[in-house]
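What follows is a single structure, written as structure tokens, with notes after it.
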Amino acid sequence: MASSSSSAAAAAASTSTSLCCSLQSPTAAAWRSLLPTSSSSRQSKRFWSACTTIHRGGSGSVKMPTVGRRRAALVAVAAAAVPLLSALPDLSVFQSQETSFQALAALDESSTLELIQTELRKVISKGKAPGVLRLAFHDAGTFNITKLSGGMNGSIIYELERPENAGLKRSIKVLQKVKAELDPVISVSWADLIAVAGAEAVAECDGPRIPVGLGRHDSVEPDPEGEMPEETLSASALKQSFHGKGFTTQELVVLSGAHTLGAKGFGNPNLFDNSYFRILLQKPWKAPEGMTAMIGLPTDRALSDDDECIQWIRVYAGDQGRFFEDFSTAYLKLVNTGAQWERSYM
């Protein structure tokens, strides 16, 4: 029994020492505010004081303490850390100073997501939002439910020369700035970054806030070619393509509502609303003359001529709240489709 207690104490001290070393790094300074301080100020002060004792040798020098002082410091750290350990998620990952970045990245998902969103909001403007949202669609849109290939896996970075991805290099450059800021602090996959960025693009243009989860692995190679739906497909062919990716006709219609952003002629190009559906009902491209002939893609127009699709177009044209709700659900399904998960956040 005594041996078991000693082992547990040693393990706690070892974890605490590793945690201290990791959190003493300069990069970790920005993360210290995530530790509980207000509700456990006394314990927190004891914890950081003991950490400093170990880290600096108890005298301000860079040398470690002598064996006796080191043992005393370890005990102090272990005792001070107990009230804090329960407040920190998965502290088992704090194994050494070399893994401090990975350990910091293992803080709770909401904190990690908040950091990603903060950096994205610095670079995603209303003008850049349509391209960023399109990037998410094109990364996820290669999924094939029969072959179980493609999907939301970051492979778009290898596919930028494909004709259907023309113009997406600009959006990748926008996100590269964010990744360069995040990589020294946390490890974020391209798949996660693109998925969250698409949701932030929608929110930036006054659309719904979509709670995207994290944990997607990146592909190390491009997805198979020929899986993205072509812009010239008929409604029947378009529905068949989406069904082959696991999406219903309703989901096809509501996701197509993303075309409300950008220069496709559906209302304000920087406002995410239900104008896409209202204009589809008007069919302005059938006017005898004028620039209205340039509104929308062939696939957009095809939807408005399909009996099954037009039912959902009417629903969303008359109820923007329903559009926002259904779009959020379909977007989450889109950015989770085909993803390989590092760990379960869902």
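The values are calculated or read from the model by the stated rules, or taken from the named source; none is laboratory data. Keep in mind that this is a model prediction, so the values were computed, not measured. Quick note on the areas: whole protein, heavy atoms, side chains included, nothing else; ligands and nucleic acids left out. Shrake-Rupley method; radii C 1.70, N 1.55, O 1.52, S 1.80 Å.
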* **Placed amide H near Ser149: partners under 5 Å, 5+ positions off or other chain** => Asn144
* To do: Determine how large the accessible area of His217 is when every protein chain is in place; take a 1.4 Å probe and give Å² rounded to the nearest 10.
  => 90 Å²
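So how much slack lies between Leu148 and Glu114, counting 0.36 nm per residue of separation and subtracting their Cα-Cα distance, in nm?
Values: separation 34, 0.36 × 34 = 12.24 nm, distance 3.13 nm.
Working it through step by step, the gained length comes to 9.1 nm.
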* Asked: Hey, any idea what Rg/Rh is for the stretch 200-346, computing Rh the Kirkwood way over Cα pairs?
  -> 0.99
* Structure fact -> For the stretch 121-261, the per residue accessible area (1.4 Å probe, Å²) is 42 Å²
* Asked: So how much accessible area does Lys128 have, in Å² to the nearest 10, using a 1.4 Å probe?
  -> 90 Å²
* Asked: Computed on alpha carbon atoms, what radius of gyration and Dmax characterise the stretch 188-271, expressed in Å?
  -> 14.9, 39
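When averaged across all projection directions, what area in nm² does the alpha-carbon convex hull of the stretch 251-311 cover? Walk me through the numbers before you get to the answer.
Numbers: hull surface 15.8 nm².
Mean shadow area of the hull around the Cα atoms is 3.9 nm².
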* To do: Using a 1.4 angstrom probe on the protein heavy atoms only, line up Glu225, Glu159, Glu251 by accessible area, largest first.
  => Glu225, Glu251, Glu159
